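Below you'll find the structure, written out as structure tokens, and then a few comments.
Throughout, read-outs are computed from the coordinates displayed, never taken from laboratory work. It should be emphasised that the depicted structure is a prediction, and the values quoted were computed from it without experimental measurement. Note: ideal-geometry Cβ built from the backbone for every residue, glycine included; neighbour counts use all protein chains shown.
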Amino acid sequence: MNEQEMQWLVKQLIGTAEVLGQTLSPTAAAMMAEDLSSFPQLVLARALSRVRNEHAGRLTPKAILDRIDEAVGRPAANEAWAIASTALDERATVVWTNEMAAAWSLARPVAEAGDMVGARMAFITAYERVVRGAREAKAMPTVTVSIGWDAEGRNPAIEKALQLGYITPERAAQEMTIALPPPVFNPLALLTDRVDETPGAGLTPELRARLKSLRDDLANRRSRTGAAERLERIKQARYKRELNQRVQQRLAEERKA
């Protein structure tokens, strides 16, 4: 913050304290302003407005920081867990912060093992530690949208994040128009043992080489299968001839007898 913005913040702090029935000295206000000076002015204005309208106690740095977290899209631990735990389903689209993703990376192995209670405890512990470090570093959370495989559930997840204030309308519109790239090959063609490149997939030379290798492998398998089938048919025909010969020989012996 520049000097003019710092003066604005000091006045806001003193005025907010008065609204709450508290007298805040200029020295104390200046100290609090220094601690809060790394946050954007708009975020501070929103946070102090919420303090004046919601807070019933004395003005403390924690009361302001709690509202700052909400203003910058940093949910509380339990809310963060409810969002992050949906990432266990790869079909789901998840809108979360880098702090939530970091905590989930530690809790996910526990969740995948089937222990959701333990995963929740691990997540909350890790999330609170990550948030505490971010606060000390005055670092803002960054929001990312992890697109899931379920196209029908994508837009509702993004719309909910918009309603909660985690992303802007512009970001929501951008994410809703993102299309997943076409598959490298036509999966239906595999049912007939064909590997057909999908038009417009934009394959790199490396991927084309891999597809060629896959085609050659399928061709070799078909060739081996065809050879094995021919050999089996030859064996069956030989067996039938031999059996017929034995039957005919047995009948001839019986007639002679």
### the range 108-125 - phi-based ³J(HN,Hα) in whole Hz, Karplus 6.51/-1.76/1.60, Gly and Pro as x
4, x, 5, 5, 5, 7, x, 9, 6, 5, x, 5, 5, 4, 5, 5, 4, 4
### Task
Compute the separation of the alpha-carbon centres of the range 1-51 and the range 89-156 and state it in Å as a whole number.
32
### Task
Could you grab the relative contact order for the range 1-93? Cα pairs under 8 Å, six or more apart, rounded to a whole percent.
26
### Task
Compare the Cα positions of Thr60, Pro40, Leu9 along the charge dipole of the range 3-71 (+1 at Cβ of Lys, Arg; -1 at Cβ of Asp, Glu; about the Cα centre) and return the one farthest towards the positive end.
Thr60
#### Entry: Extension reserve of the Ser105-Arg238 stretch, reckoned as 0.36 nm per residue once the Cα distance is removed
41.5 nm
### Message
At R0 = 25 Å, how high is the FRET efficiency between Met121 and Trp149 if r is their beta carbon distance? Nearest 0.05 is fine.
### Response
0.30
### About the Cα centre, charge dipole magnitude for the range 1-53 (Lys/Arg +1, Asp/Glu -1 at Cβ), debye
280
### Query
Quick one: Karplus J couplings for the range 2-8, per residue in order, coefficients 6.51, -1.76, 1.60, θ = phi - 60°, nearest Hz, x for Gly and Pro?
7, 4, 5, 5, 5, 4, 4
### Backbone HN-Hα couplings from phi across the range 156-165 [Karplus 6.51/-1.76/1.60, Hz, Gly and Pro as x]
x, 5, 5, 5, 5, 4, 5, 5, 7, x
### Message
Among 57-63, 161-167, how do they line up by average Cβ neighbours within 10 Å per residue, starting with the highest?
### Response
161-167, 57-63
